[in-house]
1. Sort TRP60, TRP35 so the one with the fewest other Cβ atoms within 10 Å of its own Cβ comes first.
2. List the lysines whose Cα sits under 19 Å from the Cα of LYS48, skipping any in the same chain fewer than 8 residues away.
3. Taking H as built 1.01 Å from N, whose amide H comes closer than 5 Å to the amide H of GLU34, not counting residues under 5 places away?
4. Can you give the Rg/Rh ratio of segment 31-92, where Rg is from the C-alpha atoms and Rh is the Kirkwood radius?
Amino acid sequence: MVKLRFMRMGKKNRPHYRLCAMDSRRPRDGKYLEWLGVYDPLIRDDAKKAVINKERTEYWLSVGAQPSETVYSFLKDNHVQGLVRMRKPKHKRPKGTGARAQAAPATASTRKPKPPKKPKTVPAPPGPPEGASVPAPPGPPEGASASSPPGPPEGASAGTTPG
């Protein structure tokens, strides 16, 4: 497909553009089929900013060349004949009562229920590793009977001293 588009020329920070008819698969600054005009954005006089060969531009439009959006606005300002703009289709978003709202209940019924949350477990304090010997808790001194509880002998009160 043939496109009418601008080709950037000039130095860094000093651009000017050539209006060219070129194959749409070519890069912006690549080989062109025909040179149709120039545009220099830094010229102050609007009449001299864009110089377009109307006759050749109308020919390319008549054989089916598509202008870019920028070129279209320049051609429109220069009153070029045969300019037909093919609009891109606009994507409309569904409204609250549109397809999205109708599809929501159907998807809600087909969804799987979420699994129940696992209760949080508190990690056990670090202990001795498995297989390690654990020291026995202190018990009654040797020679004392294991059946009698430690403390004062039976019959003695805690507040009196033996006499």
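1. By the 10 Å Cβ count, ascending, the order reads TRP35, TRP60.
2. Cross-link targets: LYS76.
3. ALA21
4. Radius of gyration relative to Kirkwood radius: 1.02.
No lab work stands behind these numbers, since they all come straight from the coordinates. If you're wondering where the values come from, they're calculated on a predicted model, not measured in any experiment. In this analysis, Cβ positions are derived from the backbone assuming ideal geometry, glycine residues included, and neighbour counts consider all displayed protein chains.
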